[in-house]
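The values are calculated or read from the model by the stated rules, or taken from the named source; none is laboratory data. Every value quoted in this text rests on a predicted model; they were computed, and no experiment measured them. Reconstructed Cβ throughout: ideal geometry from the backbone, glycine too, with neighbour counts over all protein chains shown. Accessible surface areas use protein heavy atoms only, side chains included; no ligands, DNA or RNA. Shrake-Rupley method; radii C 1.70, N 1.55, O 1.52, S 1.80 Å.
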Amino acid sequence: MQKLVGYSGEGDFSHGKSMYTNPMDLGIFTSHGHHMEVYSLPCKRSRSRISAPFIFNEQIHKKPKTTIEILPDECLFEIFKRLNGTQERSSCASVSKHWLNLLSTIRKDEFTHSLNQQQNAHLSRFLKGKKATDIRLLAIAVGASSHGGLGSLSINGNNVTRGVTNLGLKAISRNCPSLTDLSLWNLSSISDEAIIEIANECHNLEKLDFCQIPISDNSLIAIAKNCPNLKELSIESCSNIGNEGLQAIGQSCQNLKSISIKNCSQVVDQGITSLLSSSSSYSLMKLKLESLNISDMSLAVIGHYGIEITDLALTRLCKVTEKGFWVMGSGQGLQKLKSLTITSCFGVTDLGLEALGRGCPNLKQFALRKSAFLSDNGIVSFAEVALSLETILLEECHRVTQCGVFNFVLKSKLKNLTLENCFGIKDLVPGIPIPFRCSDSVKSLSIRNCPGFGNNSLMLFGRICPQLQNVEFIGLHGITDECFAPLIECCEPGLVSVSLSSCPKLTDKLVSELCKIHGGTLEILNLDGCTSITDSSLVSIASDCLLLTELGVSGSGITDSGVRALACAVQLNLQILSISNCRFVSDKSLPFLVKLSESLVGLNVRQCHGISNSGVGLLVDRLWNCDILS
């Protein structure tokens, strides 16, 4: 050691010599092996240099790399809480999924620095399919919390591998307490835990829509307890929801105005009864019940306690009988009911329908679909007692005949009549007496796919309803020009909307007469599927129609000449034109369609095989203000 301390660069400790004569003494610095070389410069004496790493116990010790990732989550949490700007928070959330997850766990009120933001600037987000993931929800939660909060969130998920779970919804609840509208569809990986968390954090919820999600009554109980502002609730195909949840909603949600329950197997009479007999029934205005295991008891409760209900829809209630509808109508509680829709309820009979008409004095709209037992007597009795009725739709009511419909029209103050797929509607045999009276109230008549509706029926409607302004005849293969003429001639105020879709026997003659008589009032004309219509009809339209804005001639026999006639009409101001599946229309029509572009906002040229792809491209370029279907 004395030689080492007192060494001055000369002597034995020099080129190629060791300061230790015993090789074993080197072990205090290094082990034997090839890991070290000791040398000195050949020309100049200097201190020896070691070219290998310095090794202790055959281990290489390197200085650890310092990074923020070594900080525990608690420290990162405290750092993130002190971020004072939207940009800083967004930048940190973009670093990694781990940081995004940490930021999403911080509640909005836990940030040290609050952001200057508009309280009413609520955002809306919709996620569907593969886009419905937890990562997207975390990003939405962090981003929305810095921009006024999320007001509306809709998720329609079918992502099985990486779908939305409780993690994503919890992040929304912590960061978006201002949420008012939540819709969750087809989410199999969430549970009551997530919905309870949302209920605990988002007290401003007003609208909830649940469909095919595995939640139970516990979720509804939490919502009832924490969301007093709830106004709309829709539950569909939630098999674990039953009576207890509905009872809690009825007792606590005093502002509930609309509720829809569909295909929930555990909901029975007890749940509907407790919901409607509670204090919330005094605010409930819309009620929809579909595919439930309820009986006549539920309808009796509706008829007694539904004092504020204005819209009621009942669908596929297989256990409800004639007695249920009769009791509901006789309960005198539906005094404010304005709209009633009944679909596939076999309990609807003539007796029950008459009771509904008596018990709903303010009923204005009535739709009855797929009723197997309703007959002419029922609809006529209904017309006599439902004095405020304005609109009626009968679909697949096969026991209702043409005679019953005419009597219904004459005994009511009906404004709008729609018959659809009613096979009992057939032409009356000539000679059967029909009261020669008119209904001055009917303004709109729609007959859809009633194969028995023919020329005699058409002529009778023309005589009975002289005040018609809107007519729609779809899929009527039996009507012809000659029998349509009385209806055209008898419409005193002038027809405004005429739809004659898929009536193959109507020709240019009818269109010419229609335009001459009603060209000054006609605004909408639909001739789609009328294969006998040609350019002659378009010439009549171009010369006689002054106010026409919508025209459909898809599937007809028009050509380029007819399109030219429309383009040359100075008075026409067409906004919507449909010429799809017109095989005689070609690229020669392009200049005329461009000329019409001054007013067009919608153009349908689908399946016009005469128009080339380049022609469609030209239309897209030139008709920049028009939506084009091609």
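Data overview
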read-out: Odd one out for VAL405 among (1) surrounded by fewer than 19 Cβ atoms within 10 Å (Cβ to Cβ); (2) among the hydrophobic types (A, V, I, L, M, F, W, C); (3) at pLDDT below 95; value: (1)
read-out: Residues located in region 571-598, provided they are open to solvent by less than 30 Å² (accessible area, probe 1.4 Å) and of a type in the set (Asp, Glu); value: none
read-out: Filter pass, ALA485 being among the aliphatic types (A, V, I, L, M) and more than 29 Å from SER599 (Cα to Cα); value: yes
read-out: Verdict on ALA139 being at pLDDT below 80, open to solvent by 10 Å² or more (accessible area, probe 1.4 Å) and in a helix (DSSP H, G or I); value: yes
read-out: Every residue from region 408-431 that is of a type in the set (Asp, Glu) and at pLDDT 90 or above; value: GLU420
read-out: Qualifying residue in region 406-423 (condition: touching a Cys at 6+ places or on another chain (Cβ under 8 Å), part of a loop (DSSP other than H, G, I, E, B), over 21 Å from ASN526 (Cβ atoms) and aliphatic (A, V, I, L, M)); value: no
read-out: Qualifying residue in region 259-277 (condition: more than 19 Å from CYS318 (Cβ to Cβ), in contact with a Lys or Arg (Cβ under 8 Å, 6 or more places away or on another chain), open to solvent by 10 Å² or more (accessible area, probe 1.4 Å) and not aromatic (Phe, Trp, Tyr)); value: no
read-out: Region 150-185: number of residues that are under 15 Å from CYS211 (Cα atoms) and open to solvent by less than 10 Å² (accessible area, probe 1.4 Å); value: 6
read-out: Pair list, Cβ < 7 Å and 6+ apart or interchain, from region 287-310 residues that are within 11 Å of MET328 (Cβ to Cβ) to residues that are of a type in the set (Asp, Glu) and in a helix (DSSP H, G or I); value: MET297/ASP269; SER298/ASP269
read-out: Any hit, region 607-626, residues being within 17 Å of ASP528 (Cβ to Cβ) and buried (at least 18 other Cβ atoms within 10 Å of the Cβ); value: yes
read-out: Test: residue in region 584-606 that is in contact with a Pro (Cβ under 9 Å, 6 or more places away or on another chain), in a helix (DSSP H, G or I) and without any contact (Cβ under 8 Å) to a residue 60 or more places away in the chain; value: no
read-out: Some residue of region 548-570 being open to solvent by 40 Å² or more (accessible area, probe 1.4 Å), part of a loop (DSSP other than H, G, I, E, B) and either touching a Ser or Thr at 6+ places or on another chain (Cβ under 8 Å) or within 21 Å of ILE447 (Cα to Cα) (or both); value: no
read-out: Hey, SER330 touching a Pro at 6+ places or on another chain (Cβ under 7 Å) and either modelled with pLDDT of 95 or more or open to solvent by 30 Å² or more (accessible area, probe 1.4 Å) (or both) or not; value: no
read-out: First in region 564-581 and at pLDDT 95 or above, second anywhere and of a type in the set (Asp, Glu) and outside any loop (DSSP other than H, G, I, E, B), Cβ under 6 Å, 6 or more apart; value: ILE576/GLU550
read-out: Failed criterion for LEU337 (all others in (1) surrounded by fewer than 19 Cβ atoms within 10 Å (Cβ to Cβ); (2) closer than 18 Å to ALA300 by Cα; (3) aliphatic (A, V, I, L, M) hold); value: (1)
read-out: Test: LYS207 is open to solvent by 50 Å² or more (accessible area, probe 1.4 Å), under 23 Å from the mean Cα position of the chain (by Cα) and not aromatic (Phe, Trp, Tyr); value: yes
read-out: Residue in region 349-365 that is among the small types (Gly, Ala, Ser), closer than 29 Å to SER258 by Cβ and touching a strand residue (DSSP E or B) at 6+ places or on another chain (Cβ under 7 Å) present; value: no
read-out: Among (1) among the hydrophobic types (A, V, I, L, M, F, W, C); (2) at pLDDT 95 or above; (3) closer than 19 Å to GLU395 by Cα; (4) open to solvent by 10 Å² or more (accessible area, probe 1.4 Å) - the single one ALA300 does not satisfy; value: (3)
